[in-house]
1. Do we find that residue 140 is assigned to a helix (DSSP H, G or I), surrounded by fewer than 16 Cβ atoms within 10 Å (Cβ to Cβ) and not assigned by TED's automatic domain parsing to the domain that holds residue 225 in this structure?
2. Could you please let me know if residue 275 is under 30 Å from residue 192 (Cα atoms) and of a type in the set (Lys, Arg)?
3. What's the total number of residues in region 160-200 that are closer than 17 Å to residue 255 by Cα and either among the hydroxyl-bearing types (Ser, Thr, Tyr) or not assigned by TED's automatic domain parsing to the domain that holds residue 237 (or both)?
4. Scan region 273-299 residue by residue and report those that are in contact with a His (Cβ under 7 Å, 6 or more places away or on another chain) and not hydrophobic (A, V, I, L, M, F, W, C).
5. Mind checking which residues of region 75-93 are buried (at least 18 other Cβ atoms within 10 Å of the Cβ) and free of Cβ contacts under 8 Å to residues at least 60 places away in the same chain?
6. Kindly list, by first and then second residue, each pair from a residue in region 313-325 that is farther than 22 Å from residue 302 by Cα to a residue that is among the small types (Gly, Ala, Ser), limited to pairs with Cβ atoms under 7 Å and residues at least 6 apart or on different chains.
7. Return only the number of the condition from (1) modelled with pLDDT of 95 or more; (2) under 18 Å from residue 37 (Cβ atoms) that residue 106 does not satisfy.
8. Out of (1) closer than 30 Å to residue 253 by Cβ; (2) modelled with pLDDT of 95 or more, what's the single condition that is false for residue 138?
Amino acid sequence: MPTTIFTSPSTYVQGPGVLEELGTHLAPLGANPLIVADDTVWDLVGESVSAGLKAADIAFERVGFGRYATPEAVDSLVEKIRSGSHGVIVGLGGGSAIDAAKAAGHLADIRWASVPTAASSDAPTSALSVIYTEDGEFLEYRFFPRNPDLVLIDTAVVANAPVRFLVGGIGDALATWIEARATARGRSDTMAGARPTRSATAPAHLAWELLHENALAAIDAVEAKAVTPALEATVEACTLLSGLGFESGGLAAAHAIHNALTAAPQAHGLTHGEKVNLGTTVQLILEGAEREEIEDFIEFSTLVGLPTTLTEVGLTLEDEKELRAVSEAAVVEGETIHAMPFEVTAEMVYTALRAAEQLSRRVRARRGLPEPELHTAH
């Protein structure tokens with residue numbers, strides 16, 4: 001029988017106002033925390049973080065961060081940890097700051113914590129980091145022997161973040177069940193290094209159910225800057241359940257297509273979850289999912305505000321060179337697309353990318369939904 005594995009963060013804390021409790025949760029992890037946060041994030045939550053750490057009598061240092069978790073950014077943080085004798089590093093803000101903090105904490109052999117300020121991805125809980133080039137192209141995954149010691153997300157902060165961040169997190173989390181079930185049908189190992197346990201696919205499916213029940217109401221809550229039960233459920237689905245589900249349940253075609261899209265300049269303005277959602281649409285087409293499931297996914301994605309077409313990520317059917325390049329990049333050796341329960345070729349990806357454009361347009365027209373438009377910040 002194959003080996004199975006399930007991995008998770010040591011502690012997960014969620015709720016309105018929990019950012020002010022950060023010091024209480026950090027104290028057992030190490031002295032003199034190094035907090036990694038860009039200026040925008042620090043301007044928004046730095047006062048709350050500082051007050052919470054002061055209340056716990058914890059001295060700390062904050063260092064700024066750029067846009068991407070690059071090898072250079074990680075190495076710089078390692079130097080900062082060692083020169084400042086920091087016992088724990090905290091990634092505060094978006095997925096790249098958190099990924100850089102995890103990677104640096106591992107290299108410096110100290111504890112690390114994830115404190116996302118938006119439910120924009122499922123990266124905070126995992127024992128891996130996604131590393132990019134300075135231009136934002138996917139470079140590699142880095143894997144670590146353990147997960148974060150702490151994941152803390154303040155839903156009051158999430159409620160005041162741009163709604164597009166939550167929409168992106170929903171796109172990332174919707175992929176979790178589609179990819180986990182495909183991995184379960186195949187023979188590949190998960191990101192955790194072995195076959196998925198039943199307890200890994202369960203949170204992936206629960207995330208799917210919670211999002212279909214709560215995501216639209218959660219978006220309304222963020223538009224109103226209000227914390228509601230629907231927002232709490234959606235944040236848990238996007239952050240904890242999707243994190244557990246993708247890492248121990250498995251990634252497949254959707255994230256491989258996301259990674260490939262990072263090489264297309266037209267897609268650089270999109271969030272992680274927006275690109276992933278197009279990947280999920282393409283995966284459903286690749287696996288020959290039932291027509292009703294594909295069409296329902298397109299409708300729900302459209303209502304949420306997620307792309308299911310080339311048009312929405314800045315590409316067209318005429319961009320053959322770019323589409324061929326994306327298709328080739330999606331199937332390179334080591335990509336997660338090879339977790340699919342059948343062999344996937346670049347030609348299959350190319351065909352499915354093109355099919356997504358026409359299929360989505362037809363479904364939207366029949367169901368009275370808006371036509372696709374290029375996704376931009378809103």
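The values are calculated or read from the model by the stated rules, or taken from the named source; none is laboratory data. Predicted model, so just to flag it, every value in this text is computed and none were measured. Cβ placement follows ideal geometry from the backbone for every residue including glycine, while neighbour counts extend to all protein chains displayed.
1. No.
2. The answer is yes for residue 275.
3. 4
4. Once the filter is applied, which keeps residues that are in contact with a His (Cβ under 7 Å, 6 or more places away or on another chain) and not hydrophobic (A, V, I, L, M, F, W, C), region 273-299 yields 274, 275, 279.
5. Once the filter is applied, which keeps residues that are buried (at least 18 other Cβ atoms within 10 Å of the Cβ) and free of Cβ contacts under 8 Å to residues at least 60 places away in the same chain, region 75-93 yields 77, 78, 81, 86, 89, 91, 92, 93.
6. Matching pairs, first to second residue: 322/264; 325/263.
7. (2)
8. Answer for residue 138: the failing condition is (2).
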